[in-house]
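This report refers to the structure that appears directly beneath it.
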Amino acid sequence: MSASEHERVTELLAAWSLDACTVDEEALVEAHLLGCAGCAKAANAYRQVAGRLGSAVATPPPPGLRAKVLAAAFAQRPPVPPAAVAPYAAEVRKLGMLLDALAPAAWQATTAVNGWTVQELVAHLAALDGLLAAQLRVPVAFPGPSNGASGLHSATAAAQATAREQSPAATRAAWHAQADRIVDRVCQDGDRAATRTVELGGLAWPLELQLLGRAFETWIHADDIRQVAGVTPDPPRPEHLNQLAGAVVRLLPGALLESGRDHPGRSARLVLSGDGGGEWVVPLGRDSGRADPPAVTIALDLLDFCYLVGGRRDPAQVPCEVSGDRMFAADLLAAAATFDRD
Amino acid sequence: LGERQRPGPDSALRERLIAGDETALTRTYDLHAAMVYALVARVTRDWAAAEDVTQEVFVYLWEHPAAFDAGRGSLRTWLATLAHRRAVDWVRREMARRERDERQAECLLPEPDIAGVAIAATFADRVRAAVAALPAAQQATIRLAYFEGLSYREVATKLGIPEGTAKSRMRLGLARLADRLAAEGISR
């Protein structure tokens, strides 16, 4: 670099930091900064002051811009949050966008869930998320009755009572902000912390399974709302469906035992087809050695299986192919349908 | 000024953006979109451009989170810098397009109304007070360059001063502003 270039750049630095040079001068300054530590330091100092001028203004952008910007960003680079919370974060984002697009009258439409309105259904989601939020020690959206087996219903009733007194926008905001706090906390703690046991509604599960449970319910209820709003169902993306199915498979032996449908020493092969599908061997009871050949193979569509778990299919009617002991298959499907506790 | 800073919430946010945590982007948007949108609207005087450039800025951050160096200033200042440059680029393109159109149609586009660009309270009050405390000549030069998006040549023409004077007023004004903000405790 020449002394005259250095001099010229020194003179231009302040104007450059205000973006008040020509394109050619910008190029000259920026090339010079790469090789001149003194100018680079001065340039950053000017930039910081100029940036503070700009950072003092504020006008809320139109409400629709947020979703547009996020969609454009995620189309360029798909997000990869910690695996444990990814499906929940994705379903929360989808439900948030669905609720943003909802007409005011639709909030009072009756859903297929216990005759609740859309607003009451969102309050129900917030109430159950809230039990998890309390466990994670983040602020709860609708503070109410404490945790426990009976907590699910009383928490829902309390949140819905509060929601009936507020605007749909307030219920939506309370639900969404709490969901963001849950995701943030799990992101901060990382995947390793997701293996610890957390009790929710009387069930002590690893945190990662609780989160998948919340993802599942958020999706199923979002679809309930879509049905009311005349929008086509929008299932989770295949890798998340695969995680959800895997979680159900981990919990199935417990559900079989609890509902008295267990078969000690036996196992079943579960083949779920479709995007995100896979094959799992499910122990049907205690001492079910994985080395033994499964007593039955049950093949069905991954989405049908998920809808069954979500209480949206009848275990006796769901389309599936069974080879082997049909009673074991019926017990497994019936146990899978016991997870829905609305 | 310009010293390395201790790791703070911004560097945690940066780590999460790099990791691909989508909540880090939504959080950043919720914290800073109103600033980015207002700044671009002020420079471009065009609400549609403000939306487009705001989108560009956040998509850029999401695609290049490592470009933000948390040790050299706050994320807010960095976003303001990026937004301002993109806004000025938009004005340059628009000017070139208008000159072309004017040669063809000989008519000026109406200036869109940008009333409603508010200034955020407290922090902004202090920045505004620091700007107001500048000698009038420096103040006018910096306002025209930064908020009106004019080049130092255009500022010189508008104020009827030599180009060298416009440039030196920018240097002196920014240096004085830096001292004043540092004295007020606005370090980031």
- Quick calc, residue A:37 & residue B:31: beta-carbon distance into FRET formula, R0 35 Å, rounding 0.05, result 0.60
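Trypsin sites (Lys or Arg not before Pro), restricted to the range A:152-253: which are DSSP loop and have at most 14 other Cβ atoms within 10 Å?
Numbers: sites: A:164, A:172, A:181, A:185, A:192, A:196, A:214, A:226, A:250; in loops: A:196.
Those that pass, being in a loop and sparsely packed, are A:196.
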- Counting other chain Cβ atoms within 10 Å of each Cβ in B:78-86 and taking the mean gives 5
- Note on the structure: Stretched fully, the stretch from residue B:63 through residue B:11 gains (0.36 nm per residue minus C-alpha distance, one decimal, in nm) 17.1 nm
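What ratio of Cα Rg to 2.2 N^0.38 Å holds for the range B:24-83?
So the Cα radius of gyration is 1.06 times the expected 2.2 N^0.38 Å.
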- Note on the structure: Here the Cα Rg-to-2.2 N^0.38 Å ratio for the range A:238-297 is 1.14
- Which order do A:39, A:21 fall in if you start with the one that has the fewest other Cβ atoms within 10 Å? A:39, A:21
- Among the DSSP beta bridges whose two residues both lie in chain A, what percent are antiparallel, rounded to the nearest 5? 75
- Please compute the net charge surrounding residue A:74, taking Lys and Arg as +1 and Asp and Glu as -1 over other residues with Cβ under 13 Å from its Cβ. +3
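Count the DSSP beta bridges whose two residues both fall in the range A:202-342, then state the antiparallel fraction as a percent rounded to the nearest 5. Can you show the working numbers first?
On the way: 11 of 17 bridges.
So the antiparallel bridges in the range A:202-342 amount to around 65 percent.
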- Query: What is the dipole size for the range A:1-137, taken about its Cα centre, with +1 at each Lys and Arg Cβ and -1 at each Asp and Glu Cβ, in debye to the nearest 20?
  - Reply: 580
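Taking each residue in B:152-160, count the Cβ atoms of any other chain within 10 Å of its Cβ, then average. What number comes out?
Average neighbour count from other chains, rounded to a whole number: 2.
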- Query: Considering only A:101, A:205, A:76, whose Cα is most displaced toward the positive end of the charge dipole of chain A, charges sitting on Cβ of Lys, Arg (+1) and Asp, Glu (-1)?
  - Reply: A:205
- Message: If I require 30 Å or longer along the helix axis, counting alpha carbons, and a Kyte-Doolittle average no lower than -1.0, what helices from chain A are left? Use full DSSP H segments.
- Response: A:168-189, A:207-229
- Query: If Lys and Arg each add +1 and Asp and Glu each add -1, what is the summed charge of the other residues whose beta carbon sits under 12 Å from the beta carbon of residue A:319?
  - Reply: -3
- Which value, to two decimals, describes the C-alpha radius of gyration of the range A:1-142 once divided by 2.2 N^0.38 Å? 1.77
- Query: Where does the charge balance sit around residue A:153 when Lys and Arg score +1, Asp and Glu -1, over other residues with C-beta under 10 Å from its C-beta?
  - Reply: 0
- How large is the Kirkwood hydrodynamic radius of the range A:115-228, in angstrom, based on all distinct alpha carbon pairs? 14.2
- Taking the Cα atoms of the range A:1-59, report the difference between the largest and smallest coordinate on each principal axis, in whole Å and largest first. 44, 22, 16
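Let me know the mean shielding of B:57-70 by other chains, meaning the per-residue number of their Cβ atoms within 10 Å of its Cβ.
Taking the mean over all residues of the peptide, I get 2.
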- Neighbour-count ranking [beta-carbon atoms within 10 angstrom, fewest first] of A:273, A:17, A:323: A:323, A:273, A:17
- If the label point sits 7 Å along Cα→Cβ of residue A:11, residues of the range B:135-160 with amide N under 20 Å come out as B:138, B:141-142, B:145, B:151-160
- Query: So what are the protein assembly as shown's ellipsoid semi-axes, whole angstrom, largest first, if each one is the square root of 5 times an eigenvalue of the alpha-carbon gyration tensor?
  - Reply: 57, 24, 21
- Distance cut-off 19 Å, percentage of C-alpha pairs in the range A:280-331 lying past it: 31
- chain A, relative contact order in percent, only Cα pairs under 8 angstrom and at least six apart counted: 12
- Farthest toward the dipole's positive end in the protein assembly as shown, which of A:322, A:236, A:259, given Cβ charges of +1 (Lys, Arg) and -1 (Asp, Glu) about the Cα centre? A:236
- Item | FRET efficiency, 1/(1 + (r/R0)^6) with R0 22 Å, evaluated for residue A:237 and residue A:71 via beta carbons | 0.95
- Charge dipole magnitude, Cβ of K and R +1, D and E -1 - the protein assembly as shown, Cα centre, debye nearest 20: 1500
- Those cysteines in chain A that have no second cysteine Cβ within a distance under 4.7 Å are A:21, A:187, A:306, A:320
- Efficiency of FRET between residue A:279 and residue B:97 - r from beta-carbon atoms, R0 60 angstrom, step 0.05: 0.55
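Values in this text are rule-based calculations from the coordinates and carry no lab data. Remember, predicted model here, so these are calculated numbers, not experimental data. Neighbour counts are summed over all protein chains in view; Cβ atoms, including those assigned to glycine, are modelled from backbone coordinates with ideal geometry.
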